[in-house]
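The values are calculated or read from the model by the stated rules, or taken from the named source; none is laboratory data. Computed from a prediction, not measured in an experiment: that's the story for all the values here. Here the Cβ positions follow ideal geometry from the backbone for every residue, glycine too, while neighbour counts run over all protein chains shown. Ligands, DNA and RNA are excluded from the accessible area calculation, which covers all protein heavy atoms including side chains. Shrake-Rupley method; radii C 1.70, N 1.55, O 1.52, S 1.80 Å.
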Amino acid sequence: MLKEIYDLAPVWVQESMLTCKSRLLQRHRRGRVYADHVREFMRMQWMSRDELAAYQRNLFRRIFNEAREQVPYYRKTFAESGFDPLRYETADDLKGLPLLAKDDLRVRSSDFENPFRATIYVARTGGTTGAPLQSPFDDESMQTSYAIQDHYFQTVGIRFGLPCLYLCGQPVVPHAERRRYCRHDRTTRSLFASVHHLSKQTAGSYLNAIRQFGPVWGMGYSSFAFELARHIIARGETGSLRLAGFMGTSETVTPEMRSVIEEGFCTRLYDYYSSTEGIPFVGQCAAGRYHLHPASGILEVLDERGRPVPPGQPGKLVVTSFKQRKRPLLRYAVNDTGIIAADQDCPCGLKWPVIERICGREAEWVVNRQGKRISQFSHQVFKVVEHVQASQIEQFGADRFVVRLVVDAERRTAVEAAVLRRFPEVLGHAADIQFDFVDAIPRTTGGKCPTVISRV
């Protein structure tokens, strides 16, 4: 009912409603615990590796001793395994404990929740690989998560509270809107731009609104920032909108996306990895390398048999979170893959663990006839194909694909031929490819624009 009222209201009323809701949310996101944590993280920032290990050890003991006493699943699991969280030293101590899957949290949610912590917010995943997963947060968990995020932003020179261009999927602009595609939240000094209305015809309205607002920095979906940047460049307006940095999230960033975003916005793209479940936070530093924020948790990289893989080799990511207290996560298999860097020294000076790469969601991998999973498939195909403005590959079988392309009409024949040549080189065998030339790549209901969708 409230959403219906919002959609029918004048823009100034919508912005007032958005500002009021944001003010209520900020009490949960950035209250006293948040401020205490930011100060704590600033003091922790330049610790040595030994000091960071001790810091993480104390965090683990405090969080999972509480879980043992108050969360049904951990009370039972720790008793059966003989695991004592107060004796935890390193991630090697976790080897005998079972892995958690999303279905465990979805089907038996109450077994994993701390009933002594009041739920103040429930986050929901997009559910692209199955039923959506709900993630409850209490005040401390929510404020810890935002303190970690905002502290990371500070490490690359961005401070929350400065005017921000926000490019995520919140439905703050009604689908029926035909004139103004951005809304101003005065509480956080943010301009929310709709991901669902951008086109060649509407780009001018977007850019005029953004320039009038005057953002200092930006954050949100990398694919949306890429689209906006392409319009800036195509209109010959490069340099008219300069950001101190853009914090890209939720989607794999290709080299082309990075190049276009940085050119269009005259900025630096900082890519980071997190999730609504409350898993550990991995962000790109000023030197371009990816670090695990020590206050956010622990990462294990395992092979198919659950054994640790050596640094420099890809494996399944299994995470233990220090962000979630309402629903603690211990050895949670997130269905992502990653690589721990062999070289842990970074020019930025941080002693935080270095992650060479987050390879992407398993659902975004392509699988060939031999059962081999191919990471970064879209990037591998299109890095040698010119004139593609945007693309999406959907796999329906080992050798059956739909390829959606945004390409100028006069170049479509050449692009189709180039894709047909390149596709089997990356896949390893011939495939049935159906081409669908579109004006824009369709977005999910959450506003994301995946480069690969796997139905396998």
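For the reader, a short list of remarks on this structure follows.
- Efficiency of FRET between Arg23 and His175 - r from beta-carbon atoms, R0 35 angstrom, step 0.05: 0.85
- Sulfur and carbon atoms: percent of accessible area, the range 365-418 [1.4 Å]: 44 percent
- Cα-Cα over 23 Å, subset of Lys3/Lys102; Lys323/Lys351; Lys21/Lys200: Lys3/Lys102; Lys21/Lys200
- Tail weight of P(r) past 21 Å, computed on alpha-carbon pairs of the range 10-77, percent: 57 percent
- For the chain, the Kirkwood estimate of the hydrodynamic radius, built from every pair of different alpha carbons, is 23.5 Å.
- The order of Met47, Met1, Met42 by accessible area, most exposed first and with a 1.4 Å probe, is Met1, Met42, Met47.
- At the residue level, His28 shows approximately 60 square angstrom of accessible surface with a 1.4 angstrom probe and all protein chains present.
- The alpha carbons of the range 1-144 give a radius of gyration and a Dmax of 19.8, 61 Å, in that order.
- The chain - accessible surface per residue (Å², probe 1.4 Å): 46 Å²
- Per-atom-type breakdown for the range 161-242 gives carbon and sulfur 48% of the accessible area (1.4 Å probe, protein chains only).
- Each label point was placed 7 Å from the Cα along the Cα-to-Cβ direction; for Leu99 and Arg189 their separation is 4.5 nm.
- Taken over the alpha carbons of the range 13-52 as equal point scatterers, the Debye sum produces base-10 log I(q)/I(0) values at 0.19, 0.32 Å⁻¹ of -0.65, -0.95.
- Rounded to the nearest 10 Å², the accessible area of Ser110 at probe 1.4 Å: 80 Å²
- Potential lengthening between Arg211 and Asp7 on full extension [0.36 nm per residue; Cα-Cα distance subtracted]: 71.0 nm
- Principal axis analysis of the Cα atoms in the range 79-168 yields extents of 51, 35, 28 Å, listed in decreasing size.
- Less than 5 angstrom separates the built amide H of Ala244 from those of Trp217, all sequence-distant by 5 or more or on a different chain.
- With Rh defined as the Kirkwood radius, the inverse of the mean 1/r over Cα pairs, the Rg/Rh of the range 232-349 is 1.05.
- Karplus (6.51, -1.76, 1.60) ³J(HN,Hα), θ = phi - 60°, over the range 178-186, in Hz, Gly and Pro reported as x: 10, 10, 10, 10, 10, 9, 9, 9, 6
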